[in-house]
Amino acid sequence: MGMQLRSELESILLVVDTPATVAALAAATEHSEDDVATQLRAMSNDFSGRGSGIDLREVDGGWRFYTRRENSRVVERFITGGSHTKLTKAAMETLAVVAYRQPVTRSQISAIRGVNVDGVMRTLSLRGLVRECGTEQGAILYETTELFRQHLGIDSLDRLPNLAPLLPEVDQIEQI
């Protein structure tokens, strides 16, 4: 059972875009949640123990494969072909507003920054750092993505530095 379960879990985890819960993995593999959780921890320890470039981590209540943090420089260079451009100051400021005030609309972000952010939001969206997450009174809401957290090396937005008190509250912005 162990090798077959491991093989099944590896196959599933290879294709997921977001972390998969133990319950979902157990249902798919028709194994108990305890067996799946035990196998996932064993797999994670095995990957780490043998110095694999694959890191199996539990993030946001689910499990997913990641590249090893120590290899991020070469992975990024390979993916971007060396043509990686850094985010502009405007993009970084906009991304910070989204991170600390999500979910937030473009008009709310523009009110905080004092400039139109449509182009910057398109760039952040194309880079996979922000995404649409619903609507509020007809306006699209945005939030940061898991890729954003990966780039920061955090597993939760709770790990962001305490900058939020320096930004106006979203409900105050709408009255500006």
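Taking amide hydrogens as placed 1.01 Å from N in the peptide plane, the amide H of Val59 sits under 5 Å from those of Arg64, each at least 5 positions away in sequence or on another chain. With Rh defined as the Kirkwood radius, the inverse of the mean 1/r over Cα pairs, the Rg/Rh of the chain is 1.05. Per-residue ellipticity at 222 nm, computed for the chain from helices alone with -39500 (n - 2.57) per DSSP H run of at least four residues, works out to -15000 deg cm²/dmol. Taking the Cβ of Thr88 as the center, what net charge do the other residues with Cβ under 15 Å away carry, scoring Lys and Arg +1 and Asp and Glu -1? Summing Lys/Arg as +1 and Asp/Glu as -1 gives +3. Couplings 3J(HN,Hα) for region 17-29, derived from phi with the Karplus relation 6.51 cos²θ - 1.76 cosθ + 1.60 (θ = phi - 60°), are 8, 10, x, 9, 6, 4, 4, 5, 5, 5, 5, 5, 8 Hz, where x marks Gly and Pro. Computed from backbone phi, the HN-Hα couplings of region 94-107 come to 5, 4, 5, 4, 4, 4, 8, 10, 5, x, 9, 8, 4, 5 Hz, rounded to whole numbers (Karplus: 6.51 cos²θ - 1.76 cosθ + 1.60, θ = phi - 60°; Gly and Pro given as x).
Taking Gln102, Gln150, Gln137 as the candidate residues, the one with maximal mean-square fluctuation in a Gaussian network model of the chain, Cα springs under 10 Å, is Gln137.
Per residue, region 17-167 exposes 59 Å² of accessible surface when a 1.4 Å probe is rolled over the protein heavy atoms with every protein chain present.
May I ask for the Kirkwood hydrodynamic radius of region 37-139, worked out over all distinct Cα pairs and given in angstroms to one decimal?
On the way: mean 1/r = 0.0604 Å⁻¹.
With all distinct Cα pairs of region 37-139 included, I get 16.6 Å.
Annotation: for a label point projected 7 angstrom from Cα along Cα→Cβ of Leu152, residues of region 101-125 with backbone N closer than 19 Å are 101-106, 109-110, 112-113, 121-125. Simple rule: put +1 on each Lys or Arg Cβ and -1 on each Asp or Glu Cβ in region 1-64, find the dipole, and look at Leu40, Val15, Gly51; the Cα lying farthest toward the positive end is Gly51. Taking θ as phi - 60° and the Karplus parameters 6.51, -1.76 and 1.60, the scalar couplings of region 35-47 work out to 5, 5, 4, 4, 5, 4, 5, 5, 5, 4, 5, 5, 4 Hz in sequence order, x denoting glycine and proline.
The values are calculated or read from the model by the stated rules, or taken from the named source; none is laboratory data. None of these values were measured; they are calculated from a predicted model. Backbone-built Cβ (ideal geometry, glycine too); neighbour counts: all protein chains shown. We work out accessible area using only protein heavy atoms, side chains counted, and drop any ligands, DNA or RNA first. Shrake-Rupley method; radii C 1.70, N 1.55, O 1.52, S 1.80 Å.
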